[in-house]
Every structure is written in C-alpha cells, then in structure tokens.
Amino acid sequence: MTSTVDRRRTRYRVLAASLLAPALLLAACSSGSGDPAAGPATSATSTPDTATATPGGTLRFALGASPSGVDPQQVGSNVSIYIARQLADSLTDQDPATGEIVPWLATSWDVSDDLTTFTFHLRDDVTFSDGTPLTATTVKANLDALAGPLGASAPLAASYLGGYTETRVDDEHTVTVVFGAPNAQFLQATSTVSLAILSDATATADPAARLQGEVVGSGPFVLESYTQDQGAVITRRDGYAWASEVSQNQGEAYLDQIDFTVVPESGVRAGGLASDQFDAVGDVLPQDVAQVEGAGGSVLTRTNPGVTFVLQPNVTVAPLDDPDVRQALNVAIDRQQLVDTVLSDAFKPATSVLASTTPGYTDLSDDLAFDAAKAEQLLDGAGWTKGTDGIREKDGAKLSVDVVYAPLFTGSQAVLELAQQQLRAVGVDLVLRQLTPADQQAVLTSGDYDTYYYNVTRADADILRTQFSSAGRNVNKRAADDVLDPLLDSQLATADPAARADLVAQAQQEIVGEALAIPLFELAQSIGVAGDVHGVAFDASSRLLFHDAWIEQP
Amino acid sequence: MSLLGTRPADVVGARRASAVLPASPGPVSTGTTSTGASSAGAARTTSLRARPGTGPATGRLARARRHPLARPGALVALLVVTVVVAWALVPTAFTSADPITGVPADNLLPPSAAHWFGTDHLGRDLFARTVHGTGLSLQAAAVAIVIALGAGSLLGLVAGFVGGRVDDVLMRLTDVLLAIPGLLLSLAVVTVLGFGTLKVAIAVGVASVATFARVMRAEVLRVRSATYVEAARLAGARRGSVVVRHVVPNAAGPVLALATIELGTVVLAVSALSFLGFGAIPPTPEWGSLVAEGRNYLATAWWYSTLPGLVVAVVVLSAGRLGRAFERGGRTAR
C-alpha cells in the first residue's frame with residue numbers, strides 16, 4: 001500500500017543525494033528546531049556527533065536471523081523489530097536512560113486514578129507515508145483491530161490490551177482508551193513497537209499481507225521492499241518532523257536508505273563488516289569481537305529488559321511435574337559458565353526471571369547459584385537413580401527432558417548444547433528439538449514439550465503476567481493457583497510504583513521458588529558497527545533505532 | 001580428481017611390472033611399455049589386449065602385480081578405508097577422550113599433542129568427535145547404498161528383462177529422477193521425512209536409485225541376448241530360474257563396482273545433508289554437522305571445520321579410488 005508517488009520521489013532522492021545533501025541538511029535542521037510541537041526536546045541535547053552529522057548514504061546491515069515479517073504490531077523477534085521499528089511511531093516513547101514515558105505521537109495524556117481510562121492528546125501535524133493524517137479515528141482503528149481479529153497473530157499487543165473495553169474518539173485529535181479493569185502497564189505498552197500506530201488502511205488490511213510488507217506507518221523510514229528470508233530495503237521518509245524527545249535528530253533521518261540482509265553465520269557477518277560489505281552487523285558473538293574491532297569498528301551492547309532466556313517447563317507432564325526435579329535443573333545450570341564459554345562479555349548470567357534492566361527486577365542470584373551437589377541430592381530424593389550410562393532412571397524411565405527452541409538468536413544452539421552438557425553431569429538428558437518459529441508456536445498450543453526455550457523483551461514487569469499467569473500465555477500449562485496469579489493480577493492494578501515493585505518482586509520469588517522457569521542468561525543486543533557509522537542507538541527495549549544514524553561521507 | 005589421481009599409479013604399476021620381469025616373453029614387455037607411454041584411457045585397452053599372449057606361469061605373477069589393488073594409490077586408499085571402518089567399529093580404541101562432554105574452559109584450543117584436531121566451542125576433543133561420528137556417517141552411507149543398490153537393481157532388472165511397455169514406463173521414471181539434481185532430490189525427500197540420520201540415508205539412497213537402475217538395465221539387456229541364456233530358455237528353464245541363475249549373477253559385476261564408486265558420493269551427500277542440519281541432533285557427532293558447527297568459527301578457529309572436512313574429503317577420494325580399482329579388477333577378471 002506504499003504510495004508509488006512517494007516511492008518514486010524517494011528513489012529520485014536517493015539518486016540525487018549528492019546534489020541535494022546541503023539542502024537536506026538545512027531542511028533537517030529547520031524542521032527540527034522550527035517545530036513548536038516537538039515537545040520539550042532537544043536540539044540543545046545534540047552531541048558533537050549530530051552537530052557534524054552528514055546526511056545521505058546507504059547503511060548496509062547484516063541481520064543474524066530471518067525476520068518473521070515487517071508488521072510492527074505482529075512481529076516479536078528482535079531482527080524483525082530492527083526493520084519494523086523504523087517504519088512506525090508509537091503514542092509515547094520511553095527514555096532508555098531513565099525508563100520515563102515521554103511524548104511522541106501524543107503530546108500529553110491523562111490517566112484516571114483507577115488506571116482504567118487513558119486519554120491521549122495527539123499531535124496534529126503527523127501524516128502517514130501514504131499521505132493520510134493521523135487522527136483519533138486512526139488510533140481507534142488500530143486498537144480495535146488489535147483487541148479483536150488481529151490479536152491472534154499479534155499476541156504481545158493483545159496481551160497489552162487485556163481487559164480492553166473500547167476506544168472513544170473525543171475529537172479529531174483526542175482519544176480515550178477504556179479498560180474494564182485497572183491496567184498499570186498500558187502507558188508503557190503504548191511506547192512499544194507492538195502498539196505502534198499504523199494508517200487506517202493498514203489497520204484493516206489482511207494480517208498475512210501486512211507481515212509481507214503491506215504496512216504504512218508514520219516512521220522516519222518507509223518500506224521499499226521486503227523478501228522473506230533474504231532481507232529488506234527501507235528508505236528515508238520525506239518531511240518526517242515528529243520524533244520524540246529521546247531522539248537527538250528532530251528532523252528527517254540522515255540516511256537515504258538502509259539495506260537489511262539476512263546472514264545467519266556470525267563469522268560471515270563479522271568478516272563482511274571487516275571487508276566493508278556491511279556497515280553494521282547484528283548478534284556479534286565472542287569469537288567475532290576481535291575481528292570487528294580489528295577492522296576499526298566497535299561493538300555496541302545493551303541488555304534486553306523483560307524475561308531472560310529461560311527453559312520454561314511444562315508442569316503437566318512427567319518428569320517436570322515434580323518441583324524438586326525442576327529445582328534440581330535450576331541449580332545444575334552453571335550460568336556463569338554459559339556466558340563465559342559461548343557468549344560474549346555483553347551478556348550477563350540470569351539472576352532472576354526478569355533481566356536486570358527491567359523496572360521491578362529483584363536479585364535472586366542466591367537461589368540460582370550453581371550447586372551440582374544440591375541438584376544431585378534433589379534428584380536422589382525424588383527417586384531418580386543413576387543408570388549405567390550416567391543418566392538417571394526411575395521405574396524404568398530415563399530422566400530425559402526435551403527443549404523446543406527456534407533459532408531466533410544466533411547463540412542459542414551453543415548455549416543449549418552447553419546446558420545439555422551441564423545437565424548430563426548430574427544425570428539429566430536434555431534433548432534438543434530445533435523448530436521453526438511457527439512450529440514452536442504450534443507446539444506451544446499443543447503442549448507437546450517438556451521445556452520451552454525463549455525470551456521476551458519488554459521494559460515493564462507486567463511481562464511476567466503475560467508469560468506466567470495461568471490466564472495468560474501460560475507456557476507452564478499450569479492450573480490457576482491462589483499465590484502467583486493474584487500477585488500477577490494485583491500488580492496490574494497498582495499505580496504506586498513502590499508497591500507495584502514489591503508485588504513484582506514477590507512474583508519473581510514465587511516463580512523461581514517453584515522453578516516455574518529455569519533462567520539461563522540475559523539477552524543482550526551486540527551490534528558491530530564500522531568506524532565511519534555514528535548514531536546507531538538502542539531504544540528502551542534494546543531494539544535498534546536508525547533515526548539518528550549517519551555515515552561519514554567522503 | 002580421481003582420474004588425475006589414477007594416472008601416476010597406472011604408470012608406476014606398469015613400470016614395476018616390466019622391471020620385475022626383465023626376461024619375460026615379448027607380448028608382456030611390449031604391452032607394459034606401451035602402457036607406460038600411453039594415457040590412462042589407452043592403458044586399459046592395451047593391457048587387456050596384452051593378456052591373451054601372456055605365458056602361463058609368469059602371466060599369473062604379472063596379473064597379480066598388475067592387479068589394480070596392488071597399485072600404491074589403491075593401497076593407500078584401502079588403508080584409509082580400513083582405518084575409517086575401524087573407527088566406526090571400535091572408536092574407543094583410537095581415542096580415549098569423551099566425544100560428548102568437554103571441558104568448557106578448554107574451548108577452541110588449536111591442534112596439539114593432547115588434542116590432535118583441537119577442541120570445539122564447548123571444549124570437546126574434535127578428534128574424538130570425528131572418530132565417534134564415523135559410525136553414524138558410514139552407517140548412513142551404507143544404508144543409502146543398500147537402498148540405491150536394492151531398489152535400483154530391481155527396477156533395472158525388471159525393465160531390462162521384461163522390456164516393452166514396462167521398460168518404457170520404468171525408464172521414463174528414472175529419466176525424471178535423473179533430471180533432478182541428486183542433492184536437490186535428497187533435500188526434497190528429507191524435508192518430507194523429517195530430521196534424523198536414517199532419514200537422511202533414505203533420502204540419499206532414493207536419489208541414487210536411477211543411476212543403479214540404468215546400469216542394471218544395460219547389463220541385463222546385454223546378458224539377456226547372450227547365447228547361454230538363449231540356450232537355457234530353449235532347454236526349458238523357467239523365466240524365474242533363468243533370471244536368478246544366469247542373468248543376475250552375470251549382470252551384477254558392474255553394478256557392484258558402481259556401488260563402491262557411489263559410496264564416496266554417498267558419504268559426501270550424507271555429510272552435505274547433515275551439514276544443512278537434517279542429520280543427527282546435538283550432541284551426537286556426525287561428519288557433516290561437525291563441519292557445519294565450525295562455520296561460525298572459521299576466522300578464529302580454522303581447525304574446527306577444516307580437519308573434520310579433510311577427513312570427509314580423504315574418505316570420499318579413497319572410496320572413489322577403491323571403486324575404480326574394483327571396477328578395473330572386475331573387467332580384468334572377466
């Protein structure tokens with residue numbers, strides 16, 4: 001649905017970039033500083049980097065895995081979001097440094113005391129890349145779709161809208177979202193890519209077509225092309241002037257174009273950066289850091305907030321229906337060794353089920369400390385005795401546990417192989433079952449797994465409710481209880497940050513105490529960038545932003 | 001590559017024969033001299049032509065000397081294959097290291113006296129993983145060959161012996177199979193079957209059926225029109241017994257020789273599929289997956305993919321060399 005007029009103009013711009021460069025710089029400056037509605041932002045915060053930023057050029061980015069699509073609202077994997085985040089804006093933005101929610105498409109908002117009614121006052125100068133303006137009706141169309149038919153294929157967005165009653169259009173640029181129950185996490189949710197606002201036409205388009213590229217947003221870049229399993233090309237959006245205050249660049253993006261290419265081998269990505277085939281590469285693994293830095297590049301890292309990479313057990317099937325066995329797995333994993341052996345310094349061992357950058361995180365490293373003797377003791381106590389091959393047995397059954405995983409993060413297989421080796425040392429056989437992301441999702445529905453390996457990135461502790469509540473995604477397949485479920489529900493209804501953090505801490509203790517998750521490590525984005533690339537930034541959820549990025553022009 | 005490899009061996013073998021038998025009668029020395037001077041292709045025909053003139057006692061010796069397996073290249077190949085088969089049968093006799101459990105602190109060590117092939121990203125001994133992976137890799141290759149040989153020979157036999165419409169239909173089917181590149185066909189089959197070494201073996205076997213069917217059919221056609229088969233039929237032997245007692249034994253030689261030649265290709269195809277992730281699931285070692293696992297470390301740990309890859313290459317070349325030796329041996333014997 002990208003307007004062909006717009007595309008043609010963009011291509012023309014690309015061709016004429018060198019001629020137009022000085023003019024563009026002027027345009028970028030004027031739209032940034034001359035816009036009164038830009039919020040309390042701003043050009044005052046420019047670093048020397050942006051002062052000398054040169055517009056133009058194409059940034060070539062190597063992705064570590066195939067994106068699952070380019071629709072901001074439906075995708076969940078980091079590589080997909082690297083592309084999709086550039087195409088669309090959200091109602092609010094979250095400052096990665098402070099976690100504070102700041103204006104973006106909405107200039108201000110009012111939240112009722114009972115956390116059920118959220119009124120947003122929208123900017124009046126925002127247009128989508130097909131030329132249509134952003135209005136209150138657009139926001140309503142987006143949220144109605146996500147709470148309705150689109151929810152099935154956009155599980156994250158749907159979970160943020162739990163208890164959604166309606167969206168009221170108060171006037172052309174004022175919109176009120178009403179929930180049937182308190183929803184403390186909704187304001188932060190409006191800053192996520194999952195609740196990005198797309199055009200009216202996109203909101204009603206076919207979900208599958210949207211994933212393949214039928215997406216019109218208001219972001220600093222416009223999708224030029226997307227080829228599944230190969231990559232995507234995005235080009236600068238002309239006239240973009242509604243960046244949030246988190247962004248240093250308040251005008252159009254500096255880059256003319258970004259070419260995303262899927263390159264699954266990390267060594268090839270690093271080599272591509274060193275030989276100037278790429279300007280930036282994703283998922284730099286420890287063995288590649290030297291090569292990236294040797295070529296004059298640097299590695300940017302940021303820990304993803306949210307649920308760490310975990311093995312989440314299905315508690316309905318043996319042997320993991322026994323809490324002692326689950327607990328044994330938790331202390332049999334040497335998390336520090338995982339990080340030291342197969343991941344880089346950018347990664348941290350998990351010290352809770354939430355990553356340390358998540359608001360509300362509590363340190364449970366004592367409960368998760370490596371203790372093989374304790375693991376053996378727990379397993380002995382549960383009646384599992386070591387067989388001749390070193391794997392434990394009980395009533396003729398081997399202590400064999402499978403793990404379903406999808407190769408969404410380059411390092412996953414090595415991590416699981418090492419975890420497999422650590423668990424074998426205490427007599428547990430971990431069987432690796434690699435699936436495609438779609439198959440993994442199907443397996444989750446069917447419940448045909450012992451443990452489910454994944455992570456979820458979100459800068460709000462409500463992600464625990466999404467993943468662990470028996471009414472949520474319920475990867476544990478557990479029945480409703482009267483301890484964890486009430487904790488997860490009440491944090492959602494608590495406005496006071498300190499009280500909410502306390503509830504969240506209790507929930508984490510309960511999850512780790514019952515071993516409803518076996519946390520492994522905190523995912524970090526580890527991005528290699530060439531020496532002449534500047535301004536590549538992480539948002540609050542540790543996903544890449546290219547709005548400020550620029551390349552030194554010769 | 002194997003063609004290039006055989007030439008020097010041919011020449012050396014021939015020279016040795018003439019050096020050992022300085023006083024041998026004319027035909028032999030003439031034959032060997034011309035063999036040494038001519039190309040590999042010509043050598044085959046000359047030595048065959050030379051045979052009828054060979055004297056009884058010296059001839060047997062010369063034939064033994066000239067037996068294709070007696071050539072140094074073939075001997076080395078035989079040695080390689082023997083060692084690798086021994087790896088498959090008793091891996092623990094060759095390495096005491098644990099192929100599954102490593103020492104994480106010792107990861108990515110270069111080759112040394114303690115770790116001949118170095119260590120992998122989890123600190124496992126790569127030589128141990130290569131040796132222990134042999135069994136699975138060779139087993140898969142053997143299953144693939146058995147499938148290809150069995151199904152292919154049966155198809156070829158039926159097509160060649162029955163002839164007519166049946167022949168047309170079966171041969172058009174094999175044409176279709178031959179039209180699709182072997183690895184692509186294997187990929188299609190394994191995608192349907194799913195992951196696992198046995199499934200990879202089946203997929204590779206299916207892709208080789210057509211080649212065997214073609215060779216078997218050609219041999220059956222040749223044998224079917226032979227006078228002794230005609231005689232047997234005229235003498236009242238039933239079709240079944242003619243097939244079993246006369247056609248199959250006489251057509252089998254070239255097909256079996258083909259099987260040994262194909263063995264190398266099949267080892268490569270099995271490794272290719274397991275390289276692509278269709279084979280054994282971790283931590284089970286297998287040649288192809290060992291090479292695949294090392295890809296991410298090529299720039300920093302050259303030994304990881306290289307050494308297991310070299311083992312595959314040497315085994316494939318050796319199997320090919322042996323196959324050619326058997327093929328030639330078969331012709332000489334006939």
Against the condition out of contact with any Ser or Thr (no Cβ under 8 Å at 6 or more places or on another chain), modelled with pLDDT of 90 or more and closer than 30 Å to B:G288 by Cα, how does B:I261 come out, does it pass?
no
Condition check: within 14 Å of chain A (Cβ to nearest Cβ), β-branched (V, I, T) and within 30 Å of B:A128 (Cβ to Cβ). Does B:T300 satisfy that?
yes
Determine, yes or no, whether A:Y361 is on the phi < 0 side of the Ramachandran plot and touching a Leu at 6+ places or on another chain (Cβ under 6 Å).
yes
Which condition does A:I258 not pass, out of (1) within 14 Å of chain B (Cβ to nearest Cβ); (2) buried (at least 18 other Cβ atoms within 10 Å of the Cβ), if it passes all the others?
(1)
Elements of type helices (runs of 4 or more DSSP H) contained in the range B:222-334, each with 1 or more residues being within 21 Å of the chain's Cα centre (by Cα) and not small (G, A, S)
B:248-275, B:287-293, B:302-333
Hits in the range B:122-167 (condition: free of Cβ contacts under 8 Å to residues at least 60 places away in the same chain, β-branched (V, I, T) and surrounded by 17 or more Cβ atoms within 10 Å (Cβ to Cβ))
B:V131, B:V158
Given the residues B:V166, B:V189, B:V220, B:V206, which is the only one that is assigned by TED's automatic domain parsing to the domain that holds B:E327, modelled with pLDDT of 90 or more, touching a Gly at 6+ places or on another chain (Cβ under 8 Å) and not polar (S, T, N, Q)?
B:V220
Is it the case that A:Y452 is modelled with pLDDT of 95 or more and within 25 Å of the chain's Cα centre (by Cα)?
yes
Could you look through the range A:262-300, keep only residues that are more than 23 Å from the chain's Cα centre (by Cα) and among the charged types (D, E, K, R), and pick out the one that is nearest to the other protein chains (Cβ to nearest Cβ)?
A:D288
Members of the range A:95-117 found to be of a type outside the set (A, V, I, L, M, F, W, C) and within 27 Å of A:F538 (Cβ to Cβ), listed by number
A:D95, A:P96, A:T98, A:G99, A:E100, A:P103, A:T107, A:S108
From the list A:A414, A:A461, A:A425, A:A419, which one is within 14 Å of another protein chain (Cβ to nearest Cβ), more than 14 Å from A:L311 (Cβ to Cβ), surrounded by 18 or more Cβ atoms within 10 Å (Cβ to Cβ) and touching a helix residue (DSSP H, G or I) at 6+ places or on another chain (Cβ under 8 Å)?
A:A414
Just for the range A:54-91: of the residues that are among the hydroxyl-bearing types (S, T, Y) and part of a loop (DSSP other than H, G, I, E, B), which one is surrounded by the fewest Cβ atoms within 10 Å (Cβ to Cβ)?
A:T54
As an exercise: evaluate A:D371 against (1) crowded, with 21+ Cβ neighbours inside 10 Å; (2) closer than 30 Å to A:Q287 by Cα; (3) more than 14 Å from chain B (Cβ to nearest Cβ) and give the number of the one condition it does not meet.
(1)
Restricting attention to the range A:383-399, does a residue exist that is surrounded by 22 or more Cβ atoms within 10 Å (Cβ to Cβ), in contact (Cβ under 8 Å) with a residue 60 or more places away in the chain and within 14 Å of another protein chain (Cβ to nearest Cβ)?
no
Search the range B:105-129 for residues being in a loop (DSSP other than H, G, I, E, B) and of a type in the set (F, W, Y), and hand back the single one that is nearest to the other protein chains (Cβ to nearest Cβ).
B:F117
Candidates A:T135, A:T116 - the one that is touching a His at 6+ places or on another chain (Cβ under 9 Å) and assigned by TED's automatic domain parsing to the domain that holds A:A232
A:T135
Where a residue in the range A:487-503 is in a loop (DSSP other than H, G, I, E, B) and its partner, wherever it lies, is surrounded by fewer than 16 Cβ atoms within 10 Å (Cβ to Cβ), with Cβ under 8 Å and at least six apart
A:A493/A:A181; A:A495/A:D113
Have a look at B:R224, B:R233, B:R214, B:R245 and point out the one that is away from chain A (no Cβ under 14 Å), among the charged types (D, E, K, R) and farther than 29 Å from B:E327 by Cβ.
B:R233
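The values are calculated or read from the model by the stated rules, or taken from the named source; none is laboratory data. Computed from a predicted structure; not experimentally measured. Heads up, the Cβs are rebuilt from the backbone with ideal geometry, glycines too, and the neighbour counts pull from every protein chain shown.
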